[in-house]
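Engineer: This is the structure I have questions about; it appears just below.
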Amino acid sequence: MEVPILKQGLYLIASIQAALSDVDLLHLRDALAEKVGKYRARGVIVDVTVLDVMDSFASRTLRDLAHMTRLRGAETVIVGIQPEVAFAMVQLGLTLEGVDTALDLEEGLAFLDKKTKRRTSRG
Amino acid sequence: MASETVVPITTDTDVVVARQKGRELAAELGFVSTDSTLLATAISELARNIVRYAKHGEIVIAPIQSGDRVGITVVARDKGPGIASILLAMQDGYSTSGGLGLGLPGVKRLMDEFHLASDANVGTTVTIKKWKR
Amino acid sequence: MGEQKMKKNENRGSGVSPAREMPPPDDESTVSLLRELVNHLRKNRTQLREEWARRITAAKLLGAMTSEEMFAEATSVYDNYVEVLETGAVEALQAYARDLSERIIPRGVETDEVVGIVLLLRDVLARSLFAKYQTDFQLLNRILDAYEPAANRIANTVAVGFVQERERIIRQQQEAIRELSTPVLQVRERLLILPIIGVIDSQRARQLTEQLLRGIRTNRAKVVVIDITGVAAMDATVANHLVQTVEASRLLGATVIVTGLSPEIAQTLVTIGVDLGKMNTVGDLQGGIEEAERLLGYKVAPLIEGTQQPI
């Protein structure tokens with residue numbers, strides 16, 4: 001099942017709709033990496049509000065996703081992690097270290113705006 | 001009345017099935033949703049270990065009772081290579097196939113009770129229990 | 001209250017084990033004897049119930065209830081008692097015992113009172129059987145053979161049901177107290193403060209984390225100040241919970257500032273491998289709030305001491 005990826009200005013937004021199989025998550029990772037290159041996106045938002053479980057595989061794949069998109073010049077932020085899911089994750093030692101996170105889509109966009117602006121002003 | 005569910009584990013799709021069954025049982029027994037998520041996450045990790053290391057196994061999810069306390073027990077069973085050294089496995093970060101390891105210490109933290117038995121010739125059985133608050 | 005009721009119903013549906021069924025009457029004569037004595041108990045319901053109520057009052061039990069309340073409960077207990085004698089349906093009795101307990105525990109009824117009144121009922125009914133069958137000693141014996149095990153099983157079931165219900169209620173109350181004693185305060189927009197006072201054990205720490213995370217989501221907080229000035233000591237497990245709280249908050253997009261870290265607790269954190277350099281800590285709560293406001297973009301201009309002029 002494919003995750004819809006929307007383009008909003010220089011950002012790509014992927015909203016996960018339902019429980020994803022491992023294969024679907026890997027597809028999403030690769031699709032986003034590809035589209036970042038294709039559209040020269042500056043930011044990626046992955047909305048995981050609907051995910052009711054985040055295990056080590058999901059965590060690792062999201063980390064890979066963030067690395068891959070950064071290599072292609074885009075910042076990724078994961079939004080919508082549910083309180084209980086966050087709780088379970090840290091108990092398992094899954095902290096998504098090195099990956100930016102925000103509360104929801106709105107916060108994610110604000111975060112990207114700040115971060116990409118900084119890069120523009122420096123460059 | 002809830003009963004036992006057996007989920008054969010071979011592919012990653014089975015992982016999702018197993019944790020959904022866990023959630024269903026937790027909901028049926030009236031677990032708070034936080035604990036239901038903890039349980040589903042633990043099941044997911046155990047099922048993944050089976051797929052990754054043993055290729056094939058099963059997850060059995062059943063309701064349990066002690067006095068007036070109600071809970072869920074999950075048994076993750078496989079006939080895989082066994083964990084070479086249980087002590088090593090229980091140390092955070094140890095892993096033979098790279099990545100985040102077996103996650104067993106994490107699973108133990110998520111649950112109320114945790115028991116591990118592993119033998120290179122027989123396989124591995126992990127038993128976990130979560131009680132309703 | 002409504003939530004409590006819902007949980008109870010679910011408990012009932014799933015938890016009852018069929019292992020302790022009353023042994024079904026094993027022969028025709030026992031069945032007919034039980035039927036005969038149940039008929040007798042039903043026919044004489046009014047006076048036996050009154051006798052029982054009288055004995056309860058004489059024994060000074062159920063003092064917490066008014067006599068109307070006591071009589072109402074006595075009536076339903078009596079009818080259920082006789083019903084279970086007839087049907088042997090222990091499950092129904094267990095359900096009734098839990099129901100009864102849930103009603104009377106808040107009224108302050110104690111375990112010894114519940115056991116006491118059930119035993120008194122057993123005695124009152126037994127005496128009534130003696131009176132009826134006194135002329136036929138053999139028949140009386142057979143009647144008692146049928147009655148006694150059933151009556152004793154009932155007394156046991158009710159007592160155990162009461163105690164279990166008490167324990168369940170106590171656990172719930174403790175949980176509620178824990179939740180009340182850890183308030184998450186919204187001080188400013190996007191800023192939460194969690195002052196922790198007193199002793200934290202592992203369970204309270206977990207509850208704290210859950211409450212905070214829910215609070216972050218509800219209040220859309222971007223910064224959280226956790227003040228542990230009031231915490232004397234922390235063992236490694238609780239310290240771990242604190243670290244997990246910080247990490248989980250970050251997953252929800254919130255930054256955590258820990259204030260009031262005593263040297264002892266700092267030591268505990270270092271011992272469990274926490275890099276204090278990576279944890280956002282400030283000496284006191286006031287400082288923590290200022291830092292939080294700074295992070296949120298509020299301009300906090302320090303004043304030159306003694307004047308109203310900014311530096």
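The values are calculated or read from the model by the stated rules, or taken from the named source; none is laboratory data. Not measured: the values here are computed from a predicted model. Here the Cβ positions follow ideal geometry from the backbone for every residue, glycine too, while neighbour counts run over all protein chains shown.
Engineer: If the requirement is being outside any helix (DSSP H, G or I), surrounded by fewer than 16 Cβ atoms within 10 Å (Cβ to Cβ) and touching a residue at least 24 places away in the same chain (Cβ under 8 Å), which of these qualifies: C:Ala95, C:Ala64?
Structural biologist: On the way: C:Ala95 fails: outside any helix (DSSP H, G or I).
Sole residue among the options that is outside any helix (DSSP H, G or I), surrounded by fewer than 16 Cβ atoms within 10 Å (Cβ to Cβ) and touching a residue at least 24 places away in the same chain (Cβ under 8 Å): C:Ala64.
Engineer: Let me ask something else. Taking the condition of being more than 25 Å from B:Ala47 (Cα to Cα) and out of contact with any strand residue (DSSP E or B) (no Cβ under 9 Å at 6 or more places or on another chain), how many residues in the range A:34-66 meet it?
Structural biologist: Going through the range A:34-66 one residue at a time, the tally reaches 4.
Engineer: Which one of these is more than 14 Å from chain B (Cβ to nearest Cβ) and either closer than 26 Å to B:Ser66 by Cα or polar (S, T, N, Q) (or both): C:Glu113, C:Glu175, C:Glu165? Spell out how you get there, then give the answer.
Structural biologist: Values: C:Glu175 fails: more than 14 Å from chain B (Cβ to nearest Cβ); C:Glu165 fails: more than 14 Å from chain B (Cβ to nearest Cβ).
Going through C:Glu113, C:Glu175, C:Glu165 in turn, the sole match is C:Glu113.
Engineer: Specify the residue that is nearest to B:Arg48 (Cα to Cα); the eligible residues are those in the range A:70-89 that are away from every other protein chain (no Cβ under 13 Å) and crowded, with 24+ Cβ neighbours inside 10 Å. Spell out the reasoning first.
Structural biologist: Just the residues of the range A:70-89 that are away from every other protein chain (no Cβ under 13 Å), to begin with: A:70-76.
So of that shortlist, the ones also crowded, with 24+ Cβ neighbours inside 10 Å come out as A:74, A:76.
Details: A:Ala74: 31, A:Thr76: 26 Å.
This residue is A:Thr76.
Engineer: So which residues in the range C:246-287 are of a type in the set (A, V, I, L, M, F, W, C) and away from chain A (no Cβ under 14 Å), if there are any at all?
Structural biologist: Within the range C:246-287, C:Ile257, C:Val258, C:Leu261, C:Ile265, C:Ala266, C:Leu269, C:Val270, C:Leu276, C:Val282, C:Leu285 meet the criteria.
Engineer: Check the range B:88-99 and report whether any residue there is under 25 Å from A:Leu94 (Cβ atoms), at pLDDT 60 or above and either away from chain C (no Cβ under 14 Å) or within 15 Å of the chain's Cα centre (by Cα) (or both).
Structural biologist: Within the range B:88-99, not a single residue is under 25 Å from A:Leu94 (Cβ atoms), at pLDDT 60 or above and either away from chain C (no Cβ under 14 Å) or within 15 Å of the chain's Cα centre (by Cα) (or both).
Engineer: Which of the residues that make up the range A:4-31 are at pLDDT below 90 and more than 13 Å from chain B (Cβ to nearest Cβ)?
Structural biologist: Across the range A:4-31, the qualifying residue is only A:Gln17.
Engineer: I'd like to check something: does the range B:54-64 contain any residue that is crowded, with 17+ Cβ neighbours inside 10 Å and in a helix (DSSP H, G or I)?
Structural biologist: yes
Engineer: Would you tally the residues in the range B:1-37 being within 10 Å of chain C (Cβ to nearest Cβ) and either under 25 Å from A:Asp24 (Cα atoms) or of a type in the set (A, V, I, L, M, F, W, C) (or both)?
Structural biologist: 7
Engineer: Restricting to the range B:110-122, give me the number of residues that are buried (at least 18 other Cβ atoms within 10 Å of the Cβ) and not in a loop (DSSP other than H, G, I, E, B). Before the answer, list the steps.
Structural biologist: Of the range B:110-122, the ones buried (at least 18 other Cβ atoms within 10 Å of the Cβ) are B:110-111, B:116, B:118.
This time we only want the ones that are not in a loop (DSSP other than H, G, I, E, B), so: B:110, B:116, B:118.
Matching residues across the range B:110-122 total 3.
Engineer: Taking the condition at the interface with another protein chain (Cβ under 10 Å from one of its Cβ atoms) and either surrounded by fewer than 24 Cβ atoms within 10 Å (Cβ to Cβ) or more than 22 Å from A:Glu34 (Cα to Cα) (or both), does A:Glu97 pass?
Structural biologist: Considered against the rule, which asks whether it is at the interface with another protein chain (Cβ under 10 Å from one of its Cβ atoms) and either surrounded by fewer than 24 Cβ atoms within 10 Å (Cβ to Cβ) or more than 22 Å from A:Glu34 (Cα to Cα) (or both), A:Glu97 comes out as yes.
Engineer: OK, next. Would you be able to tell me the number of residues in the range B:1-21 that are assigned to a helix (DSSP H, G or I) and either within 16 Å of B:Glu113 (Cα to Cα) or of a type in the set (Val, Ile, Thr) (or both)?
Structural biologist: 4
Engineer: Right, another one. Have a look at B:Ile128, B:Ile83 and point out the one that is crowded, with 19+ Cβ neighbours inside 10 Å and either assigned to a strand (DSSP E or B) or modelled with pLDDT of 75 or more (or both).
Structural biologist: Going through B:Ile128, B:Ile83 in turn, the sole match is B:Ile128.
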